[in-house]
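Here the structure comes first, spelled out in structure tokens, and everything after it is commentary.
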Amino acid sequence: MIQTMVLLVDDEADFVETMSKRLTKRGLGVLTAYSGQEALEKVDRDGASKVDVVILDVKMPGMDGLETLAALKQKHPLIEVIMLTGHATVESAIEGMKRGAFDYLMKPCNLDILVGKVDQACRKKRLHEAKILQARAEMIALRRGD
């Protein structure tokens, strides 16, 4: 079975360290970033194929979560993003969903709920990847006249 890899992005180091340990204990692979810019660099460097789901804080200095979400989805549309915030507003939730977030959870969130959302998001990503591979195979078959 392929391990789900998450990228946890939050400017609060204690939160990242604690959540990283908790997610790892649940069997997830965890990469971390402490800013939106660092998250984008890691996805670009490590390749989008390595990261299945990004868990992204909304409120961060510099590039905030909504800006990071937009940049991630523009360059890597198959990566699913779960937004996390302690400062949720209906407006930011709606904006996050418009920009392609898979879901939106309040901090502190129930770990079982978060892990369930990560699993759902990963399944969605893998389903899209499978559909793309199938479409490519069909295109090749059509070109060969099969």
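Read the figures in this text as sums done on the coordinates, not as results from a lab. Quick caveat, the model's predicted, so the values are computed rather than measured. Heads up, the Cβs are rebuilt from the backbone with ideal geometry, glycines too, and the neighbour counts pull from every protein chain shown.
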Partner aspartates and glutamates for Lys98 [C-alpha distance under 18 Å; skip if fewer than 8 residues away on the same chain]: Asp57, Asp64, Glu67, Glu80
Mean Cα-pair separation over length for the range 70-111, i.e. relative contact order, pairs under 8 Å, 6 or more apart, %: 46 percent
Counting pairs of alpha carbon atoms under 8 Å apart in space and at least six apart in sequence, what relative contact order in percent does the range 5-144 give? 20 percent
Given points 7 Å out from each Cα along the Cα-Cβ axis, report the Ala137 to Cys109 separation in nanometres with one decimal. 3.3 nm
For the chain, compute Rh as the Kirkwood radius over C-alpha pairs and then the Stokes-Einstein diffusion coefficient at 10 °C and 1.306 mPa s; write the answer in µm²/s, rounded to an integer. 101 µm²/s
Pulled fully out, how much extra length does the chain show between Met97 and Ala13, if you take 0.36 nm times their separation in residues and subtract their Cα-Cα distance? 27.6 nm
Starting from the amide H of Val30, placed 1.01 Å from N in the peptide plane, find each other amide H under 5 Å away whose residue is 5 or more places distant or on another chain. Val6
How large is the helix-only mean residue ellipticity at 222 nm for the chain, computed as the sum of -39500 (n - 2.57) over DSSP H runs with n ≥ 4, divided by its residue count, in deg cm²/dmol to the nearest 500? -17500 deg cm²/dmol
Can you compute the label reach from Thr24? Point 7 Å from Cα along the Cβ direction, backbone N cut-off under 20 Å, restricted to the range 97-134. 111-112, 114-116, 118-119
Let's see if you can work this out: charge +1 on each Lys and Arg Cβ, -1 on each Asp and Glu Cβ, no other charges. What is the dipole magnitude of the chain about its Cα centre, in debye to the nearest 20? 720 debye
